[in-house]
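Computed from the coordinates by the stated procedures, all read-outs in this text should not be read as laboratory data. Keep in mind that this is a model prediction, so the values were computed, not measured. With ideal geometry, Cβ positions are generated from the backbone for all residues, glycine too; neighbour counts draw on all protein chains shown.
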Amino acid sequence: MGKKLYVGNLPYTATEESLRTAFADAGTVESAAVIADKFSGRSKGFGFVEMSTEEEAQKAIEMWNGNEMEGRKLVVNEARPMEDRPPRRTGGGGFGGGGFRRRDSGDNNSF
């Protein structure tokens, strides 16, 4: 089974193919993914590379961690499993305060 690596501080122009090509110098790349914003489609500046063996993963870390890709120093380390997060709160509106006042009445107490 392969070893998944986190690749941070990617240039925003990086693609899955450019990531795969760069890490191929360290060994067999099983998969490469650049994480993109789901609304804009723009890269978030990080991704993941899965190398086929532990040795190749270690070699990739040694080759790329702290080295530059398109002028940006990469951060490469072993990917950690995603932690469970509490569910997102939904609903609630977003407008604080309560009620409204009619403007046609001179009396501040009438609604």
What are the residues in the range 1-32 that are within 13 Å of residue 76 (Cα to Cα) and polar (S, T, N, Q), if any? 9
What do you reckon, is residue 27 at positive phi, in contact with a Leu (Cβ under 6 Å, 6 or more places away or on another chain) and touching a residue at least 12 places away in the same chain (Cβ under 8 Å)? no
Scope the range 25-35; condition hydrophobic (A, V, I, L, M, F, W, C), surrounded by 15 or more Cβ atoms within 10 Å (Cβ to Cβ) and within 23 Å of the chain's Cα centre (by Cα); matching residues: 29, 32, 33, 34
Against the condition under 14 Å from the mean Cα position of the chain (by Cα) and hydroxyl-bearing (Ser, Thr, Tyr), how does residue 43 come out, does it pass? yes
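Conditions tested, residue by residue: (1) crowded, with 16+ Cβ neighbours inside 10 Å; (2) of a type in the set (Val, Ile, Thr).
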residue	(1), (2)
37	no, no
40	no, no
44	no, no
49	yes, yes
55	no, no
58	yes, no
61	yes, yes
64	yes, no
67	no, no
